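Please treat every number below as a calculation from the coordinates, not as lab data. Everything numeric in this text was worked out from a predicted model, so none of it was measured. A quick note on method: Cβ atoms are made from the backbone with ideal geometry, for glycine too, and the neighbour counts reach across all protein chains shown.
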Amino acid sequence: MAIQYTRSMTAMLDWFDEQPCSCATIGHIADATGYSRETTRNNLKQLMAGDYAEVRHEPTGEYRLIEDPRNDDSD
């Protein structure tokens, strides 16, 4: 699946780049980037569909960025 590099997606990926851990909840990412939870959730769904992110802890809704798709050389 091709990732749509919207401003919100780029902001989220940039934010993840600055984190010591690549794990966060939707609320944490939304608060940090200033985008809505819905927008954040949609971005994470794209990343999960491309195997760039995963749900790390289902009960808390914590996600983990596995790899930044901007670094993917397979395109």
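Using Cα pairs under 8 angstrom and six or more residues apart, how large is the relative contact order of the chain, in percent? Each step should come with its number before you reach the end.
Working: 78 pairs, mean separation 24.7, N = 75.
Reported relative contact order: 33 percent.
Using only Cα atoms, what is the ratio of the radius of gyration of the chain to 2.2 N^0.38 Å?
Dividing the Cα Rg of the chain by 2.2 N^0.38 Å gives 0.99.
Using Cα centres only, tell me the gap between segment 1-47 and segment 52-73 in whole Å.
The distance from the Cα centre of segment 1-47 to that of segment 52-73 comes to 10 Å.
If you take every residue apart from residue 66 with its C-beta less than 14 Å away from the C-beta of residue 66, what net charge results, scoring Lys and Arg +1 and Asp and Glu -1? Show your work: numbers first, answer last.
Values: positive: 56, 64, 70; negative: 17, 51, 54, 62, 67, 68, 72.
Taking every other residue near residue 66 into account, the sum is -4.
Rounded to the nearest 500 deg cm²/dmol, what is the calculated helix-only ellipticity per residue at 222 nm for the chain, with -39500 (n - 2.57) per DSSP H run of length n ≥ 4? Intermediate values should be presented prior to the final figure.
Details: 3 runs with 32 residues, N = 75.
Calculated mean residue ellipticity at 222 nm is -13000 deg cm²/dmol.
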